[in-house]
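Peer 1: Below you will find the structure I want to go over with you.
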Amino acid sequence: MSVRNITPVKEFEDILPKEYKDLVNKGPFNNKKSVDDLGTFKEIIEEHPHCAGCGVSLGIRLALASLPSPEDSLVVGTPGCSFFALSQSAVNYSNTAFGNQNAVATGLKRMLQIRYPDKHKDVIVMVGDGGIADIGLDLTLHSWFRKEKITTIMLDNEVYGNTGGQESGMSMKGRVLNMAPTGKKFDKIPVFDMAEVSGCVYGARVTVANPKKVGQVVRNAILIAREIGPTYVQIFTPCPTNMKFPPDQTIKIAKEAQKDQYSYKEFMTDEVAEYLKNI
Amino acid sequence: MYVTVKVDKDKCTGCKLCILTCPEANVITLNEDKKVCINSNRCKGCFLCVSVCPKKALKEGSV
Ligand SMILES: Cc1ncc(C[n+]2csc(CCOP(=O)(O)OP(=O)(O)O)c2C)c(N)n1
Ligand code: SF4
Ligand code: SF4
Ligand SMILES: [Mg+2]
């Protein structure tokens, strides 16, 4: 995508919807924007059907506002609630068979490197906790072992939100859910730690209660993946519908998690530390 | 009748915390006067913005 690609021909200028014109005139394409600029430019997400107060849609909104080059980004998803907002966005987006996201992203990244050898094309996986920790765990880990230069972002609501509340590997031990009536029996899968030992050169664990941090780590993760290797960002994105808390409590729940399973964590290789000093 | 949020312009300092908290894109924007403005047509009434406003400038309301 680029402004040139989305600029309408003269004949269509008048009849296009306002949202489209805004995207051309006040959008983020070729015009560096960040989380700090939210509220002052036309974002690339349109109206979406996420529930009121959904942490996943907030996480996506923050992540998309942090893309260093939205016009040269390809977002890869998989089934889950994240599909709702991502499919409403003006960014190249591809859904995949459940769990296949990092395999598909690998192919796309390699193909883009051949097709555009002089350009950075960022391939970013944005999927739920079930998509990574359960159904796509093998393909995710293997893309890290192979050192594919892609960024993987987990939108962790600690449940299968989209299908009505089954437990996920990322649900907390003991958590009672619609379809886990006696509570989950084992601990949260340590995907964040696994990322570090499996080849990711950078990782960050954040929550939507810290939007500027989310923006900063997503941006860094994408820039690092361009140059050095696979990166991983895990964002806590609470789900009021399945966790059964009122929708105005999403930030409060995320803040509480920051004192517990979602304390801020970051890891990076020496090469990444050196690289970050210079950007 | 729809639920939405009303802004008390006298209390708003334009800190943008609400903008960074709303799960909807382009529903809260910053005006030229550096006060926030709500697009009531697209607000889902979650009141997350109300919960984070340090100046209590946002209130639950309806249209
Ligand atoms: C192979 C396959 N199995 C099951 C499903 C049904 N399914 C769709 S979304 C989903 C759960 C997604 O959970 P998660 O990845 O945590 O995303 P969330 O909806 O919580 O954001 C499941 C089981 C599917 N689409 N494909
Ligand atoms: S079910 Fe949960 S994760 Fe899915 S849209 Fe609703 S609040 Fe968001
Ligand atoms: S109530 Fe929710 S949807 Fe409406 S403006 Fe506030 S944060 Fe956004
Ligand atoms: Mg989930």
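Peer 1: For a test of understanding, tell me how many lysine pairs in the range B:3-62 have Cα atoms under 17 Å apart, given they are 8 or more places apart or on different chains.
Peer 2: So the count of such lysine pairs works out to 28.
Peer 1: To continue, here is another question. Remind me, relative contact order of the range A:133-273 in percent, using alpha carbon pairs under 8 angstrom and six or more residues apart? Mind dumping the intermediate values first?
Peer 2: On the way: 254 pairs, mean separation 40.5, N = 141.
Dividing the mean separation by the residue count of the range A:133-273 yields 29 percent.
Peer 1: Could I ask something else about it? Using Cα-only point scatterers and the Debye equation, what is log10 of I(q)/I(0) for the protein assembly as shown at each q in 0.08, 0.09, 0.14 Å⁻¹, rounded to two decimals?
Peer 2: At q = 0.08, 0.09, 0.14 Å⁻¹ the computed log10 ratios are -0.37, -0.47, -1.13.
Peer 1: Taking the Cα centre as origin and putting +1 on Lys and Arg beta-carbons and -1 on Asp and Glu beta-carbons, what dipole magnitude results for the range A:40-181, to the nearest 20 debye? Numbers along the way, then the final one.
Peer 2: Working: 12 positive and 14 negative charges, 87 e Å.
Once rounded to the nearest 20, the dipole reads 420 debye.
Peer 1: Loop-only GluC sites (Glu not before Pro) in the range B:2-63, please: DSSP not H, G, I, E or B, and at most 11 other Cβ atoms within 10 Å.
Peer 2: Numbers: sites: B:GLU24, B:GLU32, B:GLU60; in loops: B:GLU24, B:GLU32.
The qualifying sites are B:GLU32.
Peer 1: Using alpha-carbon pairs under 8 Å, 6+ residues apart, how would you state the relative contact order of the range A:56-180 in percent? Before the final figure, lay out the partial values.
Peer 2: Values: 217 pairs, mean separation 30.9, N = 125.
For the range A:56-180, the relative contact order is 25 percent.
Peer 1: Then there is this: If packing is taken as the average count of other Cβ atoms within 10 Å, what order do B:2-13, A:236-247, A:49-60, A:12-23 fall into, highest mean first? The partial results should precede the final answer.
Peer 2: Values: B:2-13: 15.4, A:236-247: 21.3, A:49-60: 26.4, A:12-23: 12.4.
Order by mean packing, descending: A:49-60, A:236-247, B:2-13, A:12-23.
Peer 1: With a 10 Å Cβ neighbour count serving as the proxy for reagent exposure, in which order, fewest first, do B:MET1, A:MET154, A:MET111, A:MET194 appear?
Peer 2: B:MET1, A:MET111, A:MET194, A:MET154
Peer 1: Which of the listed residues, A:GLY165, A:ASN220, A:PRO230, is farthest toward the dipole's positive end in the range A:49-277, when Lys, Arg count +1 and Asp, Glu count -1 at the beta-carbon?
Peer 2: Farthest towards the positive end: A:GLY165.
Peer 1: Something else: Given a cut-off of under 8 Å on Cα pairs at least six residues apart, what relative contact order in percent is computed for chain B?
Peer 2: Dividing the mean separation by the residue count of chain B yields 51 percent.
Peer 1: Next question. If the only charges are +1 at each Lys and Arg Cβ and -1 at each Asp and Glu Cβ, what is the size of the charge dipole of chain B around the Cα centre, to the nearest 20 debye?
Peer 2: Value, rounded to 20: 120 debye.
Peer 1: Work out the length of the dipole vector of chain A about its Cα centre, built from +1 on the beta-carbon of each Lys and Arg and -1 on the beta-carbon of each Asp and Glu, and round it to the nearest 20 debye.
Peer 2: The dipole of chain A has a size of about 160 debye.
Peer 1: Take the alpha carbon atoms of the range A:103-223, find their radius of gyration, then divide it by 2.2 N^0.38 Å using N residues; give the quotient.
Peer 2: Working it through for the range A:103-223, the quotient is 1.17.
Peer 1: Using Cα positions and a limit of under 13 Å, work out the aspartates and glutamates in reach of A:LYS212, with same-chain residues fewer than 8 apart set aside.
Peer 2: Filter leaves A:ASP36, A:ASP37.
Every number in this text was worked out from the coordinates using simple rules, so none of it is lab data. In this text the structure is predicted, and so the values were computed from the model without any measurement. Methodologically, a virtual Cβ is constructed for each residue, glycine included, from the backbone with ideal geometry; neighbour enumeration extends over all protein chains shown.
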